[in-house]
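One structure below.
The values are calculated or read from the model by the stated rules, or taken from the named source; none is laboratory data. Being a predicted model, the structure only gives us computed values, none of them experimental. Using ideal geometry, Cβ is built from the backbone for each residue, glycine included, and neighbour counts are taken over all protein chains shown.
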Amino acid sequence: MLIFLAVVFASIIILLVYGVVIYNRLVSLKHAVSQAWSNIEVLLKQRHDELPKLVEVCKRYMKFEQDTLEKVMQARSSVFHAQQQGDVARLGQAEGQLRQGLMNLFAVAESYPELKADRYFLHLESRITQLEEAIADRREFYNATVNQNNVRIEQFPDVVIARWLRFEPAKLLEFAAEEKSDVQLAPLFD
C-alpha cells in the first residue's frame, strides 16, 4: 500500500512538473509573438513618419498627380488606425493598399526627371525601400513565431494546458491579394 501511494504521489509530482514546463513554454511563445509584433510596429512607425516627407517632396514636382499622393496618405492613415487597434487582419489589408500606392507613386515619379534627381527624394525613396524590406523580414519572423505558437497550443498534451488556461491562437499578418499580384503600370501613364 505504501508503494502504491508513493507511485501515485510521484506520478502527481511528475504531471505537475510537466504541466509547469508546458505552461512556461506556452508563455514564452506568447511573449515571442508580442515581441515580434512590437518589432513590426517600430518599423511601421518609422515608415509612417517618412511618408509625409516623401509626399511633400513629390508635391513640388507632381502637380497633376494629386490622386496618387492622396491614395498613399489615405493608405498610411488606414495602416496607422489598424495598427493602433491591433487589428492584424485589417493591418494586412491596409499594408497591401499602402504598398500598392507606393509602387504607383514610384512608378509615376519616373515621369518626372527633376523629381528623380532630387537628393531628398532619392534619400526618402531609399529609406522607405529599406523599411519595406525590413518590414517584410519582420513579417516573416512574426508569422513564423505565430505559427509556432498556434501549432503548440493545438498539440497534445499542450492543448490541454492551453485550453484550460485560455491561451488563444495569434493571427498571421497577411497582406491583401493585390499585394501579391504584379503591378499594372499601363494605367499610370495613360
Can you name every residue in segment 146-159 that is over 12 Å from the mean Cα position of the chain (by Cα) and within 22 Å of Gly92 (Cα to Cα)?
Asn147, Gln148, Asn149, Asn150, Val151
Within segment 99-144, residues being charged (D, E, K, R) and more than 16 Å from the chain's Cα centre (by Cα) number 7
Among (1) in contact with a Phe, Trp or Tyr (Cβ under 8 Å, 6 or more places away or on another chain); (2) at pLDDT below 85, Lys116 falls short only on (1)
One residue from Ala75, Ala36, Ala10, Ala82 being exposed (fewer than 11 other Cβ atoms within 10 Å of the Cβ), part of a helix (DSSP H, G or I) and small (Gly, Ala, Ser):
Ala10
Let me confirm something: among Glu125, Glu132, which residue is farther than 30 Å from Lys171 by Cα, surrounded by 14 or more Cβ atoms within 10 Å (Cβ to Cβ) and at pLDDT 85 or above?
Glu125
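Looking at segment 96-136, which of its residues are touching a helix residue (DSSP H, G or I) at 6+ places or on another chain (Cβ under 9 Å), free of Cβ contacts under 8 Å to residues at least 12 places away in the same chain and closer than 22 Å to Asp49 by Cα? Before the answer, list the steps.
Our first condition is that a residue be touching a helix residue (DSSP H, G or I) at 6+ places or on another chain (Cβ under 9 Å); within segment 96-136, this holds for 96-102, 104-112, 114-116, 118, 120-122, 124-125, 127-129, 131-132, 134-135.
Imposing the further condition that a residue be free of Cβ contacts under 8 Å to residues at least 12 places away in the same chain reduces the set to 110, 116, 122, 129.
Across segment 96-136, the qualifying residues are Lys116, Leu122, Thr129.
Do the conditions hold for Arg138, that is, is it assigned to a helix (DSSP H, G or I), basic (Lys, Arg) and either surrounded by 13 or more Cβ atoms within 10 Å (Cβ to Cβ) or in contact with a Leu (Cβ under 7 Å, 6 or more places away or on another chain) (or both)? Full working, then the answer.
Details: assigned to a helix (DSSP H, G or I): yes; basic (Lys, Arg): yes; either surrounded by 13 or more Cβ atoms within 10 Å (Cβ to Cβ) or in contact with a Leu (Cβ under 7 Å, 6 or more places away or on another chain) (or both): yes.
When the stated conditions are applied, Arg138 passes them.
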